[in-house]
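Trainee: Got a structure for you, questions after.
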Amino acid sequence: MAEQFDVTIIGSGPGGYVAAVRGAQVGLKVALVEKESGARLGGTCGLRGCIPTKALLQAAHLYEKAEHFADWGIKIENLGYDWTQVQKRKSDVVAKNSAGVSYLMKKHKITVFNGFGKIAGKGKVEVELEGGKKETIETKNIIIATGSVVRPIPGFEVDSKQVVNSDQILELERVPKSMIVMGSGAVGVEFASVYSRFGCETTVVELLDRIVPVEDAEVSKELARAFKKRGIKTETGIKLDKLQKSKTGVKATGKDSKGKDVTFEAEMFLVAVGRMPYLEKLGLENTKVVVNPRGTIKVNEYCETDEPNVYAIGDVIDTAWLAHLASKEGILVVEKIAGKKVEPINHRLVPNCTYCDPEVASVGLTEAKAKEEGYDVKVGKFPFSASGKARILGETDGFVKIVSEKKYDEVLGVHIIGPHATELLAEACVAMALETTADELGRTIHAHPTVSESVMEAAEGVHDLTIHI
Ligand SMILES: Cc1cc2nc3c(=O)[nH]c(=O)nc-3n(C[C@H](O)[C@H](O)[C@H](O)COP(=O)(O)OP(=O)(O)OC[C@H]3O[C@@H](n4cnc5c(N)ncnc54)[C@H](O)[C@@H]3O)c2cc1C
């Protein structure tokens, strides 16, 4: 008789592999199926998303810092960069990370099947292994963690050379002279920050009326200002509708918010919008799983689909498409399968981080959203220009903004733009998870000199008690 697993997870991204590890920790017999050739584990996040982009951003950050070393009295002659080495280091980080995931699978005795997984009926996952051989896994539960892929945008077809998507831009062999970035979400502004710092003339074009439109409006404004200082152009309220290619570059045309024709020309065009859940040939027709009109899988707050014992997590469902959320959804599901008491995820507490320059990070409600929800809002703000540590770092752009409310003094949202914003946010996440008041956050002793003092000062600002402004 075939080996029986308690749970089979299809997909090894941050949703799938984290679910596998926790599943094993709580005593389940776990199988993990990954189609990526050579059993490269880690999914979009590890191979084509979070990890490689941040590796490139770190190189860009260091290069930009080095350009200003003279301000610190450090002399470097003939400063330059070797793009091949930049790419190599990024690829090394990706490979090491993926090997780390494989190590975790071995450590936790998780059986990895390298092949394409398909639900073949109740309690059955058929895997087409590399080389074409098929194997059927018998399993009590199935978790769909197949993630998302780039969605083609009609009229903006990619060719890996002049018109690229987020997968292809990671593999460029040289830095283009100029680039138009369509879309100012996290992907767009992060790649703009990478390539502009290596000398590429970059223009970010956004359909909505501000860049990073999911963030607090003041953060969008500050980022546009900081980008301008760094030579990155931002054009908002623009609907691009046509792309033409020539031997030397691309020409994108469209209309601005007043209906006026606009044209942008560059050597390269990055399509930084559009992803879709990846459910191809997954065998959903063999189940009662319901697919929403948007292409996502319908689940309840425990990630249960309409088919008993089949769950879906991460980028295939309607919650925010973020690695850390996919992981927490995976943990919730396997703990539930193991019979543990679990609580649905509070989506208001999911952090959102963008690793552009300067970094942007937020959790909870924006000021506008808090007002819309009827809170009697009180805001505290602290600029990094008043922080001793930010001055030491030479990174004084940005601020911390705390959105609170008058009745209970509860922290409703924290919005940070500036140095180490993505690390600073963790404190805000803990504070909000524990329903900390602005007063408590402001009274918590923060070490000096640190950039984290700015969070404390912004919290004190809610009661007009900041010390350093
Ligand atoms: C450029 C970029 C940068 C990003 N940066 C960040 C960031 O900094 N922080 C963040 O939180 N999020 C980031 N994201 C989003 C993040 O990558 C995703 O939210 C996350 O990877 C989703 O995890 P997942 O486990 O749902 O799926 P994925 O990571 O997409 O993994 C799915 C896996 O399933 C496999 N698979 C699919 N179908 C099958 C099948 N039938 N059989 C076997 N295997 C299959 C795929 O090969 C893949 O390995 C970024 C995304 C992009 C594109």
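Trainee: Please report, in cubic angstrom per residue, the volume enclosed by the convex hull of the alpha-carbon atoms of the range 166-238.
Mentor: Cα convex hull per residue, to the nearest whole number: 73 Å³.
Trainee: Using alpha-carbon positions, what is the distance between the centroids of the range 153-179 and the range 1-21, in Å?
Mentor: About 34 Å separates the Cα centre of the range 153-179 from the one of the range 1-21.
Trainee: Give the distance, in whole Å, between the Cα centre of the range 267-307 and the Cα centre of the range 359-383.
Mentor: What the calculation gives is 31 Å, centre to centre.
Trainee: If you don't mind, another one. When the Karplus curve 6.51 cos²θ - 1.76 cosθ + 1.60 is applied with θ = phi - 60°, which whole-Hz ³J(HN,Hα) does each residue of the range 200-206 get, with x for Gly and Pro?
Mentor: Values, residue by residue: 7, 6, 10, 10, 9, 10, 10 Hz.
Trainee: Please report the orientation-averaged projected area of the range 210-266, defined via the convex hull of its C-alpha atoms, in nm².
Mentor: The number I arrive at for the range 210-266 is 4.8 nm².
Trainee: Mind computing the radius of gyration and Dmax over the alpha-carbon atoms of the range 106-239? Å is fine for both.
Mentor: Radius of gyration, then largest Cα-Cα span, for the range 106-239: 21.2, 58 Å.
Trainee: Can you give the angle from 0 to 90° between the axis of helix 83-107 and the longest principal axis of the chain, with both taken from C-alpha atoms, to the nearest 10?
Mentor: Long axis of 83-107 versus the principal axis of the chain: about 40 degrees.
Trainee: Is it possible to state the helix-based mean residue ellipticity at 222 nm for the chain, with each DSSP H run of 4+ residues giving -39500 (n - 2.57), the sum divided by total residues, to the nearest 500 deg cm²/dmol? What is it?
Mentor: Roughly -9000 deg cm²/dmol at 222 nm, from the helical runs in the chain.
Trainee: Roughly what angle does helix 186-197 make with the longest principal axis of the chain, taking Cα atoms, 0 to 90 degrees, to the nearest 10?
Mentor: 50
Trainee: Hey, another quick one. How about the range 199-273: which trypsin sites (Lys or Arg not before Pro) there lie in a loop by DSSP and see at most 11 other Cβ atoms within 10 Å?
Mentor: Of the trypsin sites (Lys or Arg not before Pro), the ones in loops of the range 199-273 whose Cβ has at most 11 other Cβ atoms within 10 Å are LYS247, LYS258, LYS260.
Trainee: Using Cα-only point scatterers and the Debye equation, what is log10 of I(q)/I(0) for the range 245-364 at each q in 0.15 Å⁻¹, rounded to two decimals?
Mentor: Here log10 of I(q) over I(0) equals -0.86.
Trainee: Next question, about the same structure. Could you state the angle between the C-alpha long axis of helix 217-229 and the longest principal axis of the C-alpha atoms of the chain, as a value from 0 to 90 degrees rounded to the nearest 10?
Mentor: For helix 217-229, the angle is close to 70 degrees.
Trainee: Which GluC sites (Glu not before Pro) in the range 60-102 sit in a loop by DSSP (not H, G, I, E or B) and have at most 12 other Cβ atoms within 10 Å of their own Cβ?
Mentor: Those satisfying the criteria are GLU77.
Trainee: How large is the convex hull of the C-alpha atoms of the range 1-94 per residue, in Å³?
Mentor: 120
Trainee: While we're on this one: Given that compact globular proteins tend to follow 2.2 N^0.38 Å, what is the ratio of the alpha-carbon Rg of the range 333-391 to that value?
Mentor: 1.72
Trainee: For the range 24-77, report the translational diffusion coefficient in µm²/s to the nearest whole number, using Stokes-Einstein at 4 °C, 1.567 mPa s, and a Kirkwood Rh over Cα pairs.
Mentor: Answer, rounded: 87 µm²/s.
Trainee: Can you pull out the GluC sites (Glu not before Pro) in the range 248-308 that DSSP calls coil and that have at most 12 other Cβ atoms within 10 Å?
Mentor: Here the GluC sites (Glu not before Pro) that fit, given the DSSP loop and packing criteria, are GLU280, GLU301.
Trainee: SER178's amide H: which non-local residues (gap 5+, or another chain) put their own amide H closer than 5 Å, with H modeled 1.01 Å from N in plane and none for Pro or chain starts?
Mentor: GLU201, GLU267, MET268
Trainee: Taking the alpha carbon gyration tensor of the chain, what are the square roots of 5 times its eigenvalues, largest first, to the nearest whole Å?
Mentor: Its equivalent ellipsoid spans semi-axes of 38, 30, 22 Å.
Trainee: Per Stokes-Einstein, at 4 °C and 1.567 mPa s, what whole-number D in µm² s⁻¹ belongs to the range 102-158, with the Kirkwood radius over Cα pairs as the hydrodynamic radius?
Mentor: The diffusion coefficient I find is 93 µm²/s.
Trainee: By the scheme Lys and Arg +1, Asp and Glu -1, what is the net charge of all other residues having a beta-carbon under 13 Å from that of LYS35?
Mentor: -3
Trainee: Moving to a separate point now. The range 400-469: D in µm²/s via Stokes-Einstein (Kirkwood Rh, Cα pairs, 20 °C, 1.002 mPa s)?
Mentor: 181
Trainee: Quick one: Cα convex hull volume of the range 68-118, Å³ per residue?
Mentor: Roughly 160 Å³ of hull volume per residue.
Since every read-out is calculated from the coordinates, none of them should be taken as a lab result. Just so it is clear, the model here is predicted, and its values are computed rather than measured. All Cβ positions, glycine included, derive from the backbone under ideal geometry; neighbour counts span all protein chains shown.
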